[in-house]
Amino acid sequence: MRILAIVNGDYGRRHVENLRKHMPKEWTLEVWEAARAYPQVIDYPEDYLPESLPAADLILQFGEHKGLAELLPDITQMTGATAVIAAIDNEAVLPRGLARQLCGWLEKMNVAVVTPKPLCSLSETHYWLSRREKVAYDNPLIREFAHYFGMPEFKITVDLQTRAIVSVEVVRDAACGCARYAAEHLVGVSADDAEERAGMLHHHYPCWAAMGVVLEYDDTLMHVSGNIMRDAVGEQVKLYKQIQYIAPGWRSDE
């Protein structure tokens, strides 16, 4: 699979660095370093695009300006790409209205597009747009990417006697590398503490999803992302956690 990643800041460069380290050997990854700033309205996209871009199957939009989303239809034409992942880790980069427009533009071009909000909600079958809205998709290129990067998934081994984590295998990493970072620091942690520790590790990495509250979640995308990480770990250790039962006491009338 030929991938073109669009970046114009440290957020995108961090994702690219992790992908290059851990993506399958048969993938190729090219990067377009785009401009940092764009006008409010882009009347002539060709003024902001390079003369050429490498051929690609899948576009990854890791840019940090909404102007780059407006350029995506032209970029797909230039590269021949048939699928786009436009991450929403910051609503200022891809606002709700623009995201709907982008999907409409690309669908008219027969280009598959997903807009996971946040990026680490992307699985091989669906992605999140809100707390209640999970969007299904069916595209082999996006599915292949999501097999390796997207919603964190772990295989955790716990010592039955001590209930401490002895190994953590990353089945699916977050595109930014946060899941792999958490896995490296969970070994030795008690199953009782693993979820809380995963949440702390997510913040310490740190996650770069936005801290502004978004309407769809009534929460920040950083917190949503952290909960995704906690839940992924919690699912693996739930059978080993020590559950404490509190017996109700008797009220004394004396």
Test: V113 is in contact with a strand residue (DSSP E or B) (Cβ under 6 Å, 6 or more places away or on another chain) and within 21 Å of G150 (Cβ to Cβ)
yes
Can you tell me which residues in the stretch 65-96 are among the small types (G, A, S) and either over 23 Å from H223 (Cα atoms) or within 16 Å of the chain's Cα centre (by Cα) (or both)?
G67, A69, G80, A81, A83, A86, A87
How many residues of the stretch 208-253 are at pLDDT 95 or above, touching an Asp or Glu at 6+ places or on another chain (Cβ under 9 Å) and of a type in the set (S, T, Y)? The answer is 1
Would it be correct to say that C120 is under 22 Å from V213 (Cα atoms) and touching a Gly at 6+ places or on another chain (Cβ under 7 Å)?
yes
For the stretch 79-96, give me each residue that is part of a loop (DSSP other than H, G, I, E, B) and within 16 Å of L129 (Cα to Cα).
A87, I88, D89, N90, E91, A92, V93, L94, P95
Flag if A56 is assigned to a loop (DSSP other than H, G, I, E, B), in contact with a helix residue (DSSP H, G or I) (Cβ under 7 Å, 6 or more places away or on another chain), assigned by TED's automatic domain parsing to the domain that holds E144 and not polar (S, T, N, Q):
yes
If a residue must be more than 25 Å from the chain's Cα centre (by Cα) and assigned by TED's automatic domain parsing to the domain that holds V114, how many such residues does the stretch 143-168 contain?
0
Being in contact with a Leu (Cβ under 8 Å, 6 or more places away or on another chain) and assigned by TED's automatic domain parsing to the domain that holds V84 is the requirement here; does L186 meet it?
no
Inside the stretch 135-176, can you point out the residues that are out of contact with any Phe, Trp or Tyr (no Cβ under 6 Å at 6 or more places or on another chain), over 26 Å from Y205 (Cα atoms) and part of a strand (DSSP E or B)?
A136
Which residues, counting only those in the stretch 1-30, are more than 18 Å from the chain's Cα centre (by Cα) and part of a strand (DSSP E or B)?
R2, T28, E30
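The values are calculated or read from the model by the stated rules, or taken from the named source; none is laboratory data. Please read these numbers as outputs of a predicted model, since none were measured by experiment. Backbone-built Cβ (ideal geometry, glycine too); neighbour counts: all protein chains shown.
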